[in-house]
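Participant: One structure follows; several queries about it will come next.
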Amino acid sequence: MTKCPDCGRATLRTVNEPQTRSVAGRTFMAFLPTSKCSGRGCGASYYDGAVGIRFDLAIAAELVRLGASEGEAFKHMRKAVGLKNTDMADLLDVDAVTLSRWETGKHPVPRAELATLGAIVAEAVLGSKATLDRLRKLQKPSARSRRPVRLELAAGR
């Protein structure tokens with residue numbers, strides 16, 4: 001993007017601007033690389049969607065670290081890892097209505113489900129999907145094979 005989408009005249013320059021989000025009574029702030037219009041009187045700012053996604057994931061990771069258990073925090077964490085309400089409900093083997101009640105604060109989120117989502121968030125920060133993959137495998141267990149499974153053991157472990 002070279003010209004400002006708002007005024008159409010000025011060029012955009014990259015600056016780091018503070019962005020804030022509030023989740024479950026906590027406010028999070030980070031300086032995000034932003035394209036800012038240099039035109040007089042315009043001053044419009046834009047940041048790349050991937051930057052926003054990383055910001056939301058960083059917030060989710062901090063919520064996990066803080067031990068946040070509110071429904072709003074659970075919802076933010078779920079969305080930060082890109083899971084729909086129905087997908088998360090299926091992975092946790094609960095009804096979507098139950099998950100909605102947790103997220104709206106009508107019922108407390110059980111610790112096991114908080115811990116599971118926390119593991120998913122922590123792994124997402126590292127670029128892993130191990131817990132998600134295990135949960136998906138549990139949804140559709142593979143057929144048993146009569147052949148033995150060969151394991152390779154590393155020395156010293």
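Participant: Checking I59 against (1) closer than 19 Å to A119 by Cβ; (2) exposed (fewer than 15 other Cβ atoms within 10 Å of the Cβ), which single condition isn't satisfied?
Facilitator: (2)
Participant: Follow-up. Return the residues of the stretch 54-98 that are more than 19 Å from L126 (Cα to Cα), of a type in the set (D, E, K, R) and in a helix (DSSP H, G or I); say none if nothing qualifies.
Facilitator: Residues satisfying the conditions are E72, K75, D87, D90.
Participant: Let me ask another. When the residues of the stretch 8-47 are narrowed to those that are in a loop (DSSP other than H, G, I, E, B) and modelled with pLDDT of 85 or more, which ends up nearest to E70 (Cα to Cα)?
Facilitator: Out of the qualifying residues, it is A24.
Participant: Can you tell me which residue in the stretch 119-130 is nearest to K79 (Cα to Cα), limited to those that are surrounded by fewer than 21 Cβ atoms within 10 Å (Cβ to Cβ) and in contact (Cβ under 8 Å) with a residue 40 or more places away in the chain?
Facilitator: A124
Participant: I'm checking my understanding of the structure. Among residues of the stretch 99-118 that are of a type in the set (D, E, K, R) and in a helix (DSSP H, G or I), which one is surrounded by the fewest Cβ atoms within 10 Å (Cβ to Cβ)?
Facilitator: Looking at residues that are of a type in the set (D, E, K, R) and in a helix (DSSP H, G or I), I get R111.
Participant: Also, quick follow-up: Got a number for residues in the stretch 123-145 being in a loop (DSSP other than H, G, I, E, B) and either of a type in the set (S, T, N, Q) or modelled with pLDDT of 95 or more (or both)?
Facilitator: Result for the stretch 123-145: 6.
Participant: Mind listing just one residue for me: the one in the stretch 22-41 that is over 30 Å from T104 (Cβ atoms) and crowded, with 16+ Cβ neighbours inside 10 Å and, of those, farthest from the chain's Cα centre (by Cα)?
Facilitator: Ranking the qualifying residues of the stretch 22-41, first place goes to G39.
Participant: Out of (1) exposed (fewer than 15 other Cβ atoms within 10 Å of the Cβ); (2) within 14 Å of the chain's Cα centre (by Cα); (3) among the small types (G, A, S), what's the single condition that is false for A80?
Facilitator: Every listed condition holds for A80 apart from (1).
The values are calculated or read from the model by the stated rules, or taken from the named source; none is laboratory data. Here the structure is a predicted model, which means the values were calculated and not measured. Heads up, the Cβs are rebuilt from the backbone with ideal geometry, glycines too, and the neighbour counts pull from every protein chain shown.
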